[in-house]
Amino acid sequence: MWELRHRGAAARPGGEAASPPREGEAAGGDHETESTSDKETDIDDRYGDLDSRTDSDIPEIPPSLDRTPEILKKALSGLSSRWKNWWIRGILTLTMISLFFLIIYMGSFMLMLLVLSIQVKCFHEIITIGYRVYHSYDLPWFRTLSWYFLLCVNYFFYGETVADYFATFVQREEQLQFLIRYHRFISFALYLAGFCMFVLSLVKKHYRLQFYMFAWTHVTLLITVTQSHLVIQNLFEGMIWFLVPISSVICNDITAYIFGFFFGRTPLIKLSPKKTWEGFIGGFFSTVIFGFIAAYVLSKYQYFVCPVEYRSDVNSFVTECEPSELFQLQSYSLPPFLKAVLRRETVSMYPFQIHSIALSTFASLIGPFGGFFASGFKRAFKIKDFANTIPGHGGIMDRFDCQYLMATFVHVYITSFIRGPNPSKVLQQLLVLQPEQQLNIYKTLKTHLTEKGILQPTLKV
């Protein structure tokens, strides 16, 4: 036994000798202590110098595989790489737009599933980059905890959505009532369990790197889950608040690429050498015009302008309403210089078209900075694309880097300039209250309306 102890001491940094056993310690306890010490020694030797590594020591991620279909490769084999990429991007873009139109036709619920699927895929792409970069370090539980935190955050956000928009449905289901009532406590408990698992997974002399990856996961959650939740919140306000911003970003991306491809000469930003001022300016004007026209077309249909509501009697989402003033034609006086050009005193248009100018302006001037941010991220880790999911385009995150920034702006814009009291949402909240509380609100509201002269006072016999 003493011989084993001396061997263990020789293996320790500095050659520290193991302390003799305390009185009353059993031989089995000594052996367990020695085994634990030996394991700690191995971990120290393995991870001892990791925190001293610099960014230049980060291994390069191997280039993504080319997933272009063979039929396209053969058809475009005679073209230069520049034109080959043009055709691949164009064909795949038209395919994605066609699929997007199909999902719009299938309704709001399918759009929500699409947003959730994109969120999960974007999270997977970013987390995979972190795992590939630090895979040689064998971080314990990194991927498992990352996906666990994704489930926790989604449970919290979508539980809040269910409580807000499906109150009448929840009221009928006893199990759901319990989950909704204690939703925040359950969400906190789930997150706390993940937090404790992370602390227990910490490895000696490897703490800093593990906290880097803990922060990596949480920033990824902030970018993907929070923004996708805002996208769905915008969708509930009316499909038009979902379609116009998203299509404006898509239009800006396409037209900026076209203008840059054919006319681009002046570099725009060092983070993206292929971006040009010509593409940026051409994309801006094209996007504003597109947003204005799209807003005019979509404002005509209740399917796009009505808030998305869940009807428990038909067990489905419905988009039926009397369109608000925002989506009713109004007459506007033209400025003097336009009167002379158009030879008209007034013009009729939907108020939402004015708001569409603000949305499309943001999509074309500020939205691209989401792409520049993503370009900086990719350069930091020496990769061309987040993934190779879509041939010619890269990963899903490469296509939605600007959309997340746009979603936040639209949500802020709606809450700041558009949204007023929502009677249907107030009614749903009232139906959840206890009968006594509902009766008190009824009496208070009746007294208030009587005092304002809207209701006639009840005659007392």
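General observations
- Label-point gap, in nm, between Arg143 and Ile357 - each point 7 angstrom along Cα→Cβ: 5.2 nm
- Packing-based order for 217-224, 363-370, using average beta carbon neighbours within 10 Å, highest first: 363-370, 217-224
- Ordering Asp385, Asp253, Asp401 from the fewest to the most neighbouring beta carbons within 10 Å gives Asp385, Asp253, Asp401.
- Order by protection proxy (mean Cβ within 10 Å, highest first), peptides 204-213, 243-252: 243-252, 204-213
- Cross-link pairs Lys270/Lys378; Lys205/Lys378; Lys274/Lys384; Lys84/Lys274; Lys84/Lys382; Lys300/Lys339 - those with Cα-Cα distance over 19 Å: Lys205/Lys378; Lys84/Lys382; Lys300/Lys339
- Approximate spin-label separation Leu222-Leu342, in nm, with each point projected 7 Å along Cα-to-Cβ: 4.4 nm
- FRET efficiency, 1/(1 + (r/R0)^6) with R0 35 Å, evaluated for Ser80 and Tyr131 via beta carbons: 0.45
- 3J(HN,Hα) along the stretch 112-119, derived from phi through the Karplus expression 6.51 cos²θ - 1.76 cosθ + 1.60 where θ = phi - 60°, amounts to 5, 5, 4, 4, 5, 5, 5, 4 Hz, with x in place of Gly and Pro.
- Distance in nm between pseudo-label sites at Phe377 and Tyr212 (7 Å out along the Cβ direction from Cα): 1.7 nm
- Arranged from fewest to most other beta-carbon atoms within 10 Å of their beta carbon, Trp83, Trp277 become Trp83, Trp277.
- FRET E, pair Leu102, Ile418, Förster distance 30 Å, beta-carbon r, rounded to 0.05: 0.55
- Theoretical FRET efficiency, 1/(1+(r/R0)^6), r = Cβ-Cβ of Glu174 and Leu113, R0 30 Å, to 0.05: 0.65
- Close amide H partners of Ile269, meaning residues 5 or more places away or on another chain with modelled amide H under 5 Å apart, are Lys275.
FYI, it's all coordinate maths here, none of it is from the lab. All values reported here derive from a predicted model rather than from experimental measurement. Cβ: placed from backbone, ideal geometry, glycine included. Neighbour counts: every protein chain shown.
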